[in-house]
Amino acid sequence: MTRTILDIHVLQTVPPSNLNRDDTGQPKTATYGGVRRARVSSQAWKRATRRAFDELLDPSDLGVRSKKLADELADRITAAHPSIERTAAWGIAAETLQTATGSKIEVPRRKKKDAEDEAPETAPESSYLMFLSRRQLDGLAALAVEGTKGTDDLNALKAFLKAKENKARARALVDTRHSVDIALFGRMVADATDLNVEASTQVAHALSVHAVDNESDYYTAVDDKNTEAEKGAGMIGTVEFNSATLYRYAALDVDRLRDNLGVGLRDDESPDEPTRRAVEAFVEGFIASLPTGKINTFGNHTLPDAVIVKLRTKRPVSYVAAFEKPVAKHREEGGFLRASCERLAAYVPHLEEQYGLADAGSWVLRIGSDTAALAGLGTEMNSKDLIEAVGAAVTERLSSGAA
Amino acid sequence: MTSVLLLRLAGPLQAWGSAARFARRTTENAPTKSGVLGLLAAAQGRERDADLSDLAALRFGVRIDQPGTRIRDFQTAHHADSGKSMPLSERFYLADAVFVAGVEGDASFIEALHTAVQAPAFLPYLGRRSCPPVEPFDLGVRPDTHLMQAFREEPWHASEWHRARTRSRRTLDVLLDSAHGEPPHLSLRDTPVSFDPRHRRYELRGITTTSVEPNSAPLPGTPPPHDPTTALRKS
């Protein structure tokens, strides 16, 4: 079987920042090559990528990951039939979701204080975050309305969903027409594992290419209303941070992505076009996004200094081992970027030759003279052209039947 | 006569859980049989509910070339509406570790697994999806041999800095499926019966711990070690 796989390699420098912290507030770290490195978890960067999709894709291509999907579904039901009351719509939505996913959807237990205050009723929720595509939610809303015949009759819906074929339809609705983000990052449904979707991407934890020590910023804040008699700070504290040149890596299994996106399409709909859109959105989202941890404290908005994208035919390859020996800062000018690029420029051709790693396309995006060493690793392009070129190469491979 | 397929399992992070459930995801000190067989099954493109009896029947062993350190990752999720953070899970990883894992079995089956590993149907990872392996990953097939022999002949795959630190210690720990009838030194519930997410099942596995002195020949392609401080240390 011929495969179509992309791997994406990014070098990105971030100034003092705390992109992703642990439960003590320290930026996350890991040991590699015997020294401590800055680390940003794969979960943090996947979330940032998913948020970037809001700008890159049509909302109908995306999913909603929430405990409050019953509320989301109720919105659609009342939009179709404004005569249905909110609380009745919640009941109908909860019943439909429960049938479709096998998960319990219940009104969360009200706190005593809320009950005393006669706080308004709240929507039923699932006990964990559920991930459904907007098209799946639209489908469920239509089914619910069909079941109640546009009324607020919950018993009619229950009877309707009891029928075997309607139950199967509800089930099929959440197992087909997955959104781009579900197809890329996968889905876990704890109560119905046959509804799981296997992710088509693999995102590694970002690691600094050099040794890093976390630093601590001691700060004081002055109270504007202090009088001469009250000297001293109104508040003191510390913020932990580090700065790093990060190596980021992700792999995308395009064949699997197409399988995930193709489930439930009509016979006359090809998954190739949605696949191209998803590939382009992932490449762009992964390259340009940044986790938002403490971003207002540090203002560490940076973009990658260098990006290498490879189209592979057998399996993806991470280059992180190039940085197993920590990069030392430049003797005169400081900085880690130039040495990191030189490392990669020497490592990549050697690795590919030693293991006979063929690629079916290789693109490079780089900034400034420090990254000059990478020029030979692929066709140089700006970000927009690179994303389009990758999308076009993938489409051509898929349509030529390579997958 | 049996063949052996060797894999070098190395990367910044790996995670090999054997009894990890719910919010606390631990890792063993070395790759588990279920983890490595899962990787092979995935390479072959087997679905999660596929039959695994042929894989489970392979003899499994792992050599600890560089033990690494354990790190704890505290993961949170944010509520979609309130933005409130919710503790989700505590995950443990092995950082900076290098292992050589091997499976021993019938020559043609081992060859088939090797072919699969070179062009895997599902992307390989070291116990958790966010832990991709680094090269060299697939060390190839050793024909007409058995696991212990393969481990003895395989060069030491530890990193340069680790070798420098442990110059005097040349024996490596090996964890091996116990032979039939042999009393195991320890046991772990990690022989997979089914990876079906609806009903994952594992059987107990007897493990014999031993050690080998690996082949002292340097790894191909590595420059000779140059460390001028050795002279200072000796004096």
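The values are calculated or read from the model by the stated rules, or taken from the named source; none is laboratory data. Just so it is clear, the model here is predicted, and its values are computed rather than measured. No Cβ is skipped: glycine too gets one built from the backbone with ideal geometry, and neighbour counts run over all protein chains shown.
Of A:ALA70, A:ALA44, which residue is under 21 Å from B:PRO132 (Cβ atoms), within 13 Å of chain B (Cβ to nearest Cβ), among the aliphatic types (A, V, I, L, M) and not in a strand (DSSP E or B)?
The match here is A:ALA44.
Which of the residues that make up the range A:113-169 are hydroxyl-bearing (Ser, Thr, Tyr), within 30 Å of A:VAL180 (Cα to Cα) and crowded, with 17+ Cβ neighbours inside 10 Å?
A:SER126, A:SER133, listed by residue number.
If a residue must be among the acidic types (Asp, Glu) and either within 13 Å of another protein chain (Cβ to nearest Cβ) or surrounded by 24 or more Cβ atoms within 10 Å (Cβ to Cβ) (or both), how many such residues does the range A:195-222 contain?
Of the residues in the range A:195-222, 1 are among the acidic types (Asp, Glu) and either within 13 Å of another protein chain (Cβ to nearest Cβ) or surrounded by 24 or more Cβ atoms within 10 Å (Cβ to Cβ) (or both).
Based on this model, can you work out whether A:SER133 counts as among the small types (Gly, Ala, Ser), modelled with pLDDT of 90 or more and in contact with a His (Cβ under 7 Å, 6 or more places away or on another chain)?
yes
In the range B:103-148, how many are assigned to a helix (DSSP H, G or I), more than 11 Å from chain A (Cβ to nearest Cβ) and in contact (Cβ under 8 Å) with a residue 40 or more places away in the chain?
Of the residues in that region, 9 qualify.
Can you tell me which condition A:ARG39 does not meet? The list is (1) surrounded by 23 or more Cβ atoms within 10 Å (Cβ to Cβ); (2) out of contact with any His (no Cβ under 6 Å at 6 or more places or on another chain), and all the others hold.
Only one criterion in (1) surrounded by 23 or more Cβ atoms within 10 Å (Cβ to Cβ); (2) out of contact with any His (no Cβ under 6 Å at 6 or more places or on another chain) is unmet by A:ARG39, namely (2).
Can you pull out the residues in the range B:162-197 that are farther than 19 Å from B:TRP16 by Cα, touching a residue at least 12 places away in the same chain (Cβ under 8 Å) and either within 14 Å of chain A (Cβ to nearest Cβ) or surrounded by 14 or more Cβ atoms within 10 Å (Cβ to Cβ) (or both)?
Passing the criteria: B:HIS162, B:ARG163, B:ALA164, B:LEU172, B:SER178, B:PRO184.
May I ask you to list the residues in the range A:16-41 that are out of contact with any strand residue (DSSP E or B) (no Cβ under 8 Å at 6 or more places or on another chain) and assigned to a strand (DSSP E or B)?
Within the range A:16-41, just A:VAL35 meets the criteria.
Just to verify a result, which residue in the range B:150-161, among those that are part of a helix (DSSP H, G or I) and away from chain A (no Cβ under 14 Å), is farthest from B:PHE60 (Cα to Cα)?
Here the residue is B:GLU153.
Hey, among A:ILE92, A:ILE5, A:ILE84, A:ILE105, which residue is over 30 Å from A:ALA206 (Cα atoms) and touching a Pro at 6+ places or on another chain (Cβ under 7 Å)?
Going through A:ILE92, A:ILE5, A:ILE84, A:ILE105 in turn, the sole match is A:ILE105.
Can you tell me which residues in the range A:129-157 are within 14 Å of chain B (Cβ to nearest Cβ) and in a strand (DSSP E or B)?
Those that are within 14 Å of chain B (Cβ to nearest Cβ) and in a strand (DSSP E or B): A:MET130, A:PHE131, A:LEU132.
Can you find even one residue in the range A:47-63 that is under 30 Å from A:ASN260 (Cα atoms) and assigned to a strand (DSSP E or B)?
Yes, that holds for at least one residue.
Go through the range A:189-198 and report how many residues are touching a residue at least 40 places away in the same chain (Cβ under 8 Å), of a type outside the set (Asp, Glu) and in a loop (DSSP other than H, G, I, E, B).
So the answer is 3.
Go through the range A:313-357 residue by residue and tally those that are assigned to a helix (DSSP H, G or I) and of a type in the set (D, E, K, R). Please lay out each step first, then the result.
So in the range A:313-357, the residues assigned to a helix (DSSP H, G or I) come out as A:320-323, A:337-354.
Keeping just the survivors that are of a type in the set (D, E, K, R) gives A:338, A:342-343, A:352-353.
Residues that pass the stated criteria total 5.
Going through the range B:26-51 one residue at a time, which ones are surrounded by fewer than 22 Cβ atoms within 10 Å (Cβ to Cβ) and either over 17 Å from the mean Cα position of the chain (by Cα) or part of a loop (DSSP other than H, G, I, E, B) (or both)?
Of everything in the range B:26-51, those that are surrounded by fewer than 22 Cβ atoms within 10 Å (Cβ to Cβ) and either over 17 Å from the mean Cα position of the chain (by Cα) or part of a loop (DSSP other than H, G, I, E, B) (or both) turn out to be B:THR26, B:GLU28, B:ASN29, B:GLN44, B:GLY45, B:ARG46, B:GLU47, B:ARG48, B:ASP49, B:ALA50, B:ASP51.
For A:ALA30, are the conditions met, namely being among the aliphatic types (A, V, I, L, M), within 14 Å of chain B (Cβ to nearest Cβ), surrounded by 18 or more Cβ atoms within 10 Å (Cβ to Cβ) and more than 18 Å from the chain's Cα centre (by Cα)?
Judged against the criteria, A:ALA30 is a match.
Out of all the residues in the range B:130-161, which are more than 22 Å from B:VAL103 (Cα to Cα) and under 18 Å from the mean Cα position of the chain (by Cα)?
The initial filter retains those residues of the range B:130-161 that are more than 22 Å from B:VAL103 (Cα to Cα), namely B:130, B:159-161.
B:SER130, B:SER159 - these are the residues of the range B:130-161 that are more than 22 Å from B:VAL103 (Cα to Cα) and under 18 Å from the mean Cα position of the chain (by Cα).
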